[in-house]
Amino acid sequence: MRKFWILVCVLGMPCVASAQWENLNTLQAGQRIQVVEVNSKKDSGTFLGISDKTISLQGKSGEQTIQRQDVRSVKFMENKHRLRNTLIGATVGAGAGAGISVGMFFSNLIMCFIILTTAASLHARGIALVMARDLRTTENCSMDLCWILLPRVVNVHTSPVEATGWQ
């Protein structure tokens, strides 16, 4: 089945290339174009005409005719709106950056309120030490990172349930 699709692609290539070359008939004489040749040479100038085998343009060095088999691509060089498009892109980028910054600010603000609320709740219960529990094992991790919220000392060798008083 894979060989069938490879065969279809190989046999269909001339049809695609022919259709793309026919699209160049929509160009009008006097339009600025750039022709990129197979050897990566770029020729820019004013479009003069096209035939089944060649494309003609007026370049700086005079009229040039390039054979179809030597053409890799043809670009239409219209730059009327380059400044406008640049300004639109810059505005959209600045707006997105400002939106992300505002979102991050409020996210951090909410996080600070959550931390302060948690600290106040723990302080009201008289809890001074919060201990981390290692979720990878079933053992209590009494020697892991501890955050001391108040200067009250709690025995660090007790389990987190005993230290916090939670059941």
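Observations, loosely collected:
- A simple spin-label model places the labels of T54 and N85 3.2 nm from each other, with each point 7 Å out along Cα-to-Cβ.
- In order along the stretch 107-120, phi translates into HN-Hα couplings of 4, 5, 5, 5, 4, 4, 5, 5, 5, 5, 5, 5, 5, 5 Hz, rounded to whole numbers, per the Karplus curve 6.51 cos²θ - 1.76 cosθ + 1.60 with θ = phi - 60° and x for Gly and Pro.
- The residues neighbouring V38, those whose beta-carbon lies less than 9 Å from its own, together hold a net charge of 0 under the Lys/Arg +1, Asp/Glu -1 convention.
- When the chymotrypsin sites (Phe, Trp or Tyr not before Pro) in the stretch 81-129 are filtered for DSSP coil states and for at most 11 other beta-carbon atoms within 10 Å of their beta-carbon, no site remains.
- Karplus 3J(HN,Hα) series, Hz, for the stretch 20-34 with 6.51 cos²θ - 1.76 cosθ + 1.60 (x for Gly, Pro): 5, 5, 5, 5, 5, 5, 7, 5, 10, 4, x, 7, 7, 9, 10
- Above-threshold pairs, the threshold being 23 Å between Cα atoms, out of K42/K80; K41/K75; K3/K53: K3/K53
Every read-out reported here was derived from the displayed coordinates using simple, explicitly stated rules and does not represent laboratory data. All values reported here derive from a predicted model rather than from experimental measurement. Glycine gets a Cβ as well: all are built from the backbone with ideal geometry, and neighbour counts include every protein chain shown.
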